[in-house]
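Engineer: Take this structure, written in structure tokens, and hold onto it; I'll ask about it next.
Just so it is clear, none of the values below were taken in a lab; they were calculated from the coordinates. Keep in mind that this is a model prediction, so the values were computed, not measured. Glycine also receives a Cβ, built like all others from the backbone with ideal geometry; neighbour counts cover every protein chain displayed.
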């Protein structure tokens, strides 16, 4: 299929506009979510809430978000990404505005529950947009560029709330914590609606497969199936192409144990460094800062490396990273040198986000484009409900029963299991490539691929 230069230019413009739109949009979701954390001291001092009530509010929001991330991403497969994402962000803005005028604990419970529900409408449209607008050779870079948006958004909350607090004063803490972030996020709603484009075919443009002359797993699925996805419900797509797909479950495993290590470190770094290692609050804050922010450059670089050196072998990079993470967790817990401890924490934060970011890219290799939202939903639900629980609750239980070392040994087990699922996912992609080659009449010569061919012929 011959494509004119004008069409290519239009495709490229829409491609980068859409990436910018979902980047800004997802960033804004974090600004109207993480701002709640900064309001908790005032909820206690000004509204008389105790620690149990504040803990309940946090738990309600996270559980609602984990469940919604699964359900909403399934719905996103059948929706217009720009309107789906824009509506979710707009509702988060509205809820934050209402929170700015609320005085009842029970009203807050309802509001944070709704906030968690609408927060789940951000990730599915983002992944779907990247999958539809970027070819295989550029998805690593595009996905990781989008993925750092949550780091940027989470990092911008503190200066936004801090500046608002300095301007309005502590007596207007609700304005600073809820209304100002809501105004900022509303700008993000406009950006999403203006920048994010529909699927290429809906914009009268060729698909990435047609434009870049590539075959994906989606092509293989269409060759083997007679039922068109547009004639299937979102639930049917989920069960057929996601739930019954073992390659999807390998990625679920990667994300569960990556979240386990990530949230285990994030949750327990402050207390561990202060009570066990004897750090000052300033040193602890510096280590915590490096853990989160070091992920931004490393994730972007990882995407560039995957596009250039790991085409078709995406999960090899996170496997390498996890070996280093394993060593750094051991160094973090065994060293008494503050420099070594901060260095190990920084490297862990730098690398543990890479398996998580690579999952989104790998999903585009093993899951049809029309089912990406459903796959995101399953991973999001399992990572938040199972992964974060393992990193926070299980870690805390192990520390209480057997001491701090046992907690960190638990995280090393998580790193090893994450490595194992990365390997299984890598094997899965190789088998798909072998099957594609068989259908196209090509010759493949690796052992894994020979076995896959033999199974296919059988």
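Engineer: Taking the 0 to 90 degree range and rounding to the nearest ten, how far is the long axis of helix 246-275 tilted relative to the main principal axis of the chain, both from C-alpha atoms?
Structural biologist: 20 degrees
Engineer: Also, quick follow-up: Could you list 325, 242, 3 in order of exposure, starting from the residue whose Cβ has the fewest other Cβ atoms within 10 Å?
Structural biologist: 3, 242, 325
Engineer: Once the Cα atoms of helix 123-133 and of the chain are each reduced to a long axis, what angle between those two axes, in degrees from 0 to 90 to the nearest 10, is obtained?
Structural biologist: Orientation of helix 123-133: about 30 degrees from the principal axis.
Engineer: Express the C-alpha Rg of region 5-198 as a ratio against the empirical globular expectation 2.2 N^0.38 Å, rounded to two decimals.
Structural biologist: My calculation over the Cα atoms of region 5-198 gives 1.08.
Engineer: Classify region 113-158 from the C-alpha gyration tensor, please: rounded if a/c falls under 1.5, else prolate or oblate depending on whether a/b exceeds b/c.
Structural biologist: It comes out oblate by the Cα gyration axes.
Engineer: How long, wide and thick is region 254-352, going by the Cα atoms along their three principal axes, in whole angstroms, largest first?
Structural biologist: In descending order, the Cα extents are 46, 21, 21 Å.
Engineer: What percent does the relative contact order of region 5-198 come to when contacts are Cα pairs within less than 8 Å and at least six residues apart?
Structural biologist: 43 percent
Engineer: Mind checking the alpha-carbon convex hull of region 236-457 and giving the volume per residue in Å³?
Structural biologist: 132 Å³
Engineer: Now for a separate question. Okay, helix-only estimate at 222 nm for the chain: each DSSP H run of n ≥ 4 adds -39500 (n - 2.57), divide by all residues, round to 500 deg cm²/dmol; what do you get?
Structural biologist: Per the formula, -25500 deg cm²/dmol.
Engineer: Next up: Cα centroid distance between region 140-218 and region 302-334, in Å?
Structural biologist: Region 140-218 and region 302-334 have Cα centres spaced 27 Å from each other.
Engineer: Working from Cα positions, state the angle (0 to 90°, nearest 10) between the long axis of helix 281-293 and the longest principal axis of the chain.
Structural biologist: That works out to roughly 20 degrees.
Engineer: Ok, one more. For a footprinting-style exposure proxy, rank 212, 421 by other Cβ within 10 Å, fewest first.
Structural biologist: 212, 421
Engineer: Classify the chain as rounded, prolate or oblate, taking a ≥ b ≥ c as the square roots of the eigenvalues of its Cα gyration tensor: rounded when a/c is under 1.5, otherwise prolate if a/b is larger than b/c and oblate if not.
Structural biologist: oblate
Engineer: Turning to a different aspect of this structure: Starting at 0 and stepping by 5 Å, how many percent of the alpha carbon pairs of region 90-224 end up in each bin?
Structural biologist: 2, 8, 13, 17, 16, 12, 9, 8, 6, 5, 3, 1, 0
Engineer: Can you tell me the order of 261-269, 150-158, 96-104 when each peptide is scored by its average per-residue count of other Cβ atoms within 10 angstrom, highest first?
Structural biologist: Per-residue Cβ counts within 10 Å, averaged per peptide and sorted highest first, yield 261-269, 150-158, 96-104.
Engineer: Going highest first, how would you order 170-179, 20-29 by mean Cβ packing within 10 Å?
Structural biologist: Output ranking for 170-179, 20-29: 20-29, 170-179.
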